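Written out below as structure tokens is the structure these notes cover.
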Amino acid sequence: MMNLYDKEEIAKAHDNRVFEEGKEAGMAQGIAQGMAQALNGTIFRMYENHQTLEAIANAVGYSIDQVKSVLKTKELI
């Protein structure tokens, strides 16, 4: 049990909690970035395989404008 009067013990517990919360947030951000990269890769491959913008948008759950925006990053359109 933690001694509520020991400032060092309280600080250490707080630091551990903050570290764990930061680690979880970092992992979530990494997962989100990976998913976005995977979707962009799917968009690029579908476009190179001559799929319509509408078909690409439906496949990845984006609007046609979002698909166009992704394709513009690689100067494909």
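Right, Tyr62: of a type in the set (Ser, Thr, Tyr) and in a helix (DSSP H, G or I) or not?
no
The rows are residues; the columns are (1) loosely packed, with under 13 Cβ neighbours inside 10 Å; (2) part of a helix (DSSP H, G or I); (3) at pLDDT 95 or above; (4) of a type outside the set (Lys, Arg).
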| site | (1), (2), (3), (4) |
| --- | --- |
| Ala36 | yes, yes, no, yes |
| Leu39 | no, yes, no, yes |
| Glu54 | yes, yes, yes, yes |
| Val67 | no, yes, yes, yes |
| Leu76 | yes, no, no, yes |
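Of everything in segment 33-51, what is within 14 Å of Ile77 (Cα to Cα) and among the aliphatic types (A, V, I, L, M)? Give them in sequence order.
Ile43, Met46
Among the residues of segment 1-8, is there at least one that is surrounded by 10 or more Cβ atoms within 10 Å (Cβ to Cβ), part of a helix (DSSP H, G or I) and out of contact with any Asp or Glu (no Cβ under 7 Å at 6 or more places or on another chain)?
No, that holds for no residue.
The values are calculated or read from the model by the stated rules, or taken from the named source; none is laboratory data. Note that the coordinates shown come from a computational prediction; the quantities given were computed from them, not determined experimentally. Glycine also receives a Cβ, built like all others from the backbone with ideal geometry; neighbour counts cover every protein chain displayed.
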